[in-house]
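Take a look at the structure below.
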Amino acid sequence: MSIDVKDQATGDAGTERRLNMIEAINDALDIMLERDNDVIVMGEDVGYFGGVFRCTAGLQEKHGKTRVFDTPISECGIIGVAVGMGAYGLRPVPEIQFADYIYPGLDQLISEAARLRYRSANDYIAPMTVRSPFGGGIFGGQTHSQSPEAIFAHVAGLKTVIPATPYDAKGLLISAIEDNDPVIFFEPKRIYNGPFSGYYDKPVEPWKKHNDSVVPEGYYKVPLGKARQVTEGEALTVLAYGTMVHVAEAVCATKGIDADILDLRTIVPLDIKAIEASVEKTGRCLIVHEATRTAGFGAELSALVTERCFYHLEAPVERVTGFDTPYPHSLEWAYFPGPVRIGEAIDKILKD
């Protein structure tokens, strides 16, 4: 099973500080712009304004308008230019302002970025990292709340990363930027400023009161493809990523469940060994994600667990997901996989 995140990290990190996820992402970008002249940050409002969530605040002023610059409102153009930059030898980090708007760039991502190494027999690569806020829980409605990660996990040649803590956000983003393959880096915007328990009517706990907000200064990497052990337990395995890691952890703590919770961190590459070891230990598996249920990444996880751990399972694999509908505004908390639905799924698994 994967070891603790801080034991996995590599680099020359120094003094530790407490940061929220926005600050950690900004720190990673700042470090990589400083270390590598080929790194370029680009996107809508990322320059002068510093990004709609302020993840790129101050970077243009520090590194200049040729390294951090605003683009037209054209996702297809942003991704297409990034592919060309990567083939030329640069390491672009384009931002798509919301994951809901990434779809105009799909042809460039799927037909060009993901295929470039294969089509050119490794003569050309596309070392680009596409950052984008994703997920719900902020009353963003159908056009600012989607979770399209399964689309990209389906595409051979793309890597898909989803951090759940400030520490991981920085370390994983640095790893993504240094990777020679195109990476989709989804940032769960509901937890930009603090972990979320799923109880939307309770005060938000800021990251700086949370242990996972401790982020070292300087350069370090968290490797892609290594899950994080959130809690150790014997009763059941919980597989989650992004915001749902914190919701699942809060539900299990409230119910007093001895859960083995894995934060997948990256869904491609996937730490299947950590998943197998956990399910073989517990015999039960719950999968939680925000995205719609049908053909969501939870379906792939369920199939893998069933194929690889069938004789260890003591109950059917359960999934708690969003519904097969557009993301609603007025009924957000009915759609969002919250404590009630997760609690009911846990009770069902443990009853079987």
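If I filter the stretch 213-224 for residues that are closer than 19 Å to residue 345 by Cβ, under 18 Å from the mean Cα position of the chain (by Cα) and surrounded by 15 or more Cβ atoms within 10 Å (Cβ to Cβ), do I get at least one hit?
Narrowing the stretch 213-224 to residues closer than 19 Å to residue 345 by Cβ: none.
No, there is no match, as no residue in the stretch 213-224 is closer than 19 Å to residue 345 by Cβ, under 18 Å from the mean Cα position of the chain (by Cα) and surrounded by 15 or more Cβ atoms within 10 Å (Cβ to Cβ).
So which of 290, 307 ends up being surrounded by 18 or more Cβ atoms within 10 Å (Cβ to Cβ), among the charged types (D, E, K, R) and either farther than 19 Å from residue 351 by Cα or touching a Pro at 6+ places or on another chain (Cβ under 9 Å) (or both)? Outline the logic, then answer.
Values: 307 fails: surrounded by 18 or more Cβ atoms within 10 Å (Cβ to Cβ).
Step by step, each of 290, 307 is checked, and only 290 is surrounded by 18 or more Cβ atoms within 10 Å (Cβ to Cβ), among the charged types (D, E, K, R) and either farther than 19 Å from residue 351 by Cα or touching a Pro at 6+ places or on another chain (Cβ under 9 Å) (or both).
Hey, does the stretch 304-316 have a residue that's within 20 Å of residue 198 (Cα to Cα) and at pLDDT 95 or above? It would help to see each step written out before you state the result.
Step one: filter the stretch 304-316 for residues within 20 Å of residue 198 (Cα to Cα), giving none.
Among the residues of the stretch 304-316, not one is within 20 Å of residue 198 (Cα to Cα) and at pLDDT 95 or above, which makes the answer no.
Quick one: residue 13 ticks every box in (1) surrounded by 16 or more Cβ atoms within 10 Å (Cβ to Cβ); (2) modelled with pLDDT of 95 or more; (3) under 28 Å from residue 190 (Cβ atoms) except a single one, so which number is it?
(2)
Condition first: touching a residue at least 12 places away in the same chain (Cβ under 8 Å), out of contact with any Leu (no Cβ under 9 Å at 6 or more places or on another chain) and in a helix (DSSP H, G or I). Now tell me which residues in the stretch 210-228 satisfy that. Spell out the reasoning first.
So in the stretch 210-228, the residues touching a residue at least 12 places away in the same chain (Cβ under 8 Å) come out as 210, 212-228.
Applying the additional criterion that residues be out of contact with any Leu (no Cβ under 9 Å at 6 or more places or on another chain) yields 210, 212, 216-220, 226.
If the condition is that a residue be touching a residue at least 12 places away in the same chain (Cβ under 8 Å), out of contact with any Leu (no Cβ under 9 Å at 6 or more places or on another chain) and in a helix (DSSP H, G or I), then 212 is the only one that fits.
Could you look through the stretch 25-51, keep only residues that are open to solvent by 60 Å² or more (accessible area, probe 1.4 Å) and of a type outside the set (S, T, N, Q), and pick out the one that is farthest from the chain's Cα centre (by Cα)?
Once the filter is applied, the top-ranked residue is 48.
Matching residues to (1) of a type in the set (Gly, Ala, Ser); (2) surrounded by 24 or more Cβ atoms within 10 Å (Cβ to Cβ):
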| residue | (1), (2) |
| --- | --- |
| 154 | no, no |
| 157 | yes, no |
| 176 | yes, yes |
| 186 | no, yes |
| 201 | no, no |
| 204 | no, no |
| 236 | no, yes |
| 242 | yes, yes |
| 250 | yes, no |
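Somewhere in the stretch 187-206, is a residue part of a helix (DSSP H, G or I), over 17 Å from residue 290 (Cβ atoms), in contact (Cβ under 8 Å) with a residue 60 or more places away in the chain and not basic (Lys, Arg)? It would help to see each step written out before you state the result.
Step one: of the stretch 187-206, the residues part of a helix (DSSP H, G or I) are 189-191.
Checking the rest, the ones that are also over 17 Å from residue 290 (Cβ atoms) come to none.
The answer is no; no qualifying residue exists.
Checking the conditions here, which among 117, 131 is touching a residue at least 24 places away in the same chain (Cβ under 8 Å), open to solvent by 20 Å² or more (accessible area, probe 1.4 Å) and touching an Asp or Glu at 6+ places or on another chain (Cβ under 9 Å)?
Details: 131 fails: open to solvent by 20 Å² or more (accessible area, probe 1.4 Å).
From the options 117, 131, the qualifying one is 117.
Going residue by residue through the stretch 122-139, is there one that turns out to be among the aromatic types (Phe, Trp, Tyr) and modelled with pLDDT under 95?
Within the stretch 122-139, the subset among the aromatic types (Phe, Trp, Tyr) is 124, 134, 139.
Subsequent filtering for residues that are modelled with pLDDT under 95 retains 139.
Yes, the conditions are met somewhere in the stretch 122-139.
The values are calculated or read from the model by the stated rules, or taken from the named source; none is laboratory data. Not measured: the values here are computed from a predicted model. Positions of Cβ are generated from backbone atoms using ideal geometry, with glycine treated the same way; all protein chains shown enter the neighbour counts. Ligands, DNA and RNA are excluded from the accessible area calculation, which covers all protein heavy atoms including side chains. Shrake-Rupley method; radii C 1.70, N 1.55, O 1.52, S 1.80 Å.
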